[in-house]
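Before any comments, here is the structure.
The values are calculated or read from the model by the stated rules, or taken from the named source; none is laboratory data. No experiment lies behind these values; they were computed from the predicted model shown. Glycine gets a Cβ as well: all are built from the backbone with ideal geometry, and neighbour counts include every protein chain shown. These area figures cover heavy atoms from the full protein model, side chains too; ligands, DNA and RNA do not enter into them. Shrake-Rupley method; radii C 1.70, N 1.55, O 1.52, S 1.80 Å.
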Amino acid sequence: MHVRANSIDDEIRLTVDAAVELANISAGEPLPDHEALSELERLRAVLVEFEFLRARGATDAELGAFADRLVSVGRLVRSLPDIDLSSAVDALNAQLEAAAIAPSLSAHDGFALHIHWTGPSTPFAHQVAVDLLMALAQAVCDHGTDRFGRCAADDCDRVFHDTTKNHSRRFCTDPRCASRTHTAAHRARHSSE
């Protein structure tokens, strides 16, 4: 579904998209292709899909620890469409301050030299949480909270990150949401004729 990040901007976008998807899962709103999976396998599937390479071999204990860390990060992500920039900055700063970030350089798995926000021996849950927070911080620096939205479908509360040029996204990544909404609007138009 996703392509490998070719630039730092791609990596930030992918990581923010991962944060959004993980926040939706944490809130009990998985995508249809993840519904049959256990909570930990949902987390693993999303992390692998969004290029968190350590997720492939993460133990259930490591995924469980990440699920615990995801609660606060997920709440933050799900609040972004509804809060102003100042509140978002305060919330992000509080989590970043508590995160004990220690950048390091790494070249692994065929990737060029790049920055990790944690050291090589950092526990999995902390490493992923910090990566998500740093990407969210960059997204908020670049675009404020305007690029975070909530699905326009009547029966959906999923959040999304809008990367369209004209800021026109209205629906989450669940294809059923846009389809149901457009079908209902079409039927309403034709029933009044």
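Which of the residues that make up segment 139-163 are out of contact with any Lys or Arg (no Cβ under 9 Å at 6 or more places or on another chain) and surrounded by fewer than 17 Cβ atoms within 10 Å (Cβ to Cβ)?
Listed by number, the residues that qualify are CYS141, ASP142, HIS143, GLY144, ASP146.
Within the set of pairs 6 or more residues apart or between chains, which connect a residue that is under 19 Å from ASP17 (Cα atoms) inside segment 76-103 to a residue that is at pLDDT below 95 and crowded, with 16+ Cβ neighbours inside 10 Å with Cβ atoms less than 7 Å apart?
Going by the 7 Å Cβ cut-off, the qualifying pairs are ARG78/ALA27.
Identify all residues within segment 46-72 that are under 16 Å from THR15 (Cβ atoms) and open to solvent by less than 70 Å² (accessible area, probe 1.4 Å); write none if there are none.
Hits for segment 46-72 are VAL46, LEU47, VAL48, GLU49, PHE50, GLU51, PHE52, LEU53, ALA55, PHE66, LEU70.
Which of the residues belonging to segment 115-138 are open to solvent by 10 Å² or more (accessible area, probe 1.4 Å) and in a loop (DSSP other than H, G, I, E, B)?
TRP117, GLY119, PRO120, SER121, THR122, PRO123
Please indicate, with yes or no, whether at least one residue in segment 31-43 is open to solvent by less than 40 Å² (accessible area, probe 1.4 Å), outside any loop (DSSP other than H, G, I, E, B) and modelled with pLDDT of 95 or more.
Start the filter on segment 31-43 by keeping residues that are open to solvent by less than 40 Å² (accessible area, probe 1.4 Å), which leaves 31, 34, 43.
Cutting the leftovers down to outside any loop (DSSP other than H, G, I, E, B) gives us 34, 43.
So of that shortlist, the ones also modelled with pLDDT of 95 or more come out as 43.
For segment 31-43, residues open to solvent by less than 40 Å² (accessible area, probe 1.4 Å), outside any loop (DSSP other than H, G, I, E, B) and modelled with pLDDT of 95 or more: present.
Out of (1) open to solvent by 30 Å² or more (accessible area, probe 1.4 Å); (2) closer than 22 Å to LEU43 by Cα, what's the single condition that is false for PHE111?
Result: PHE111 fails condition (2) only.
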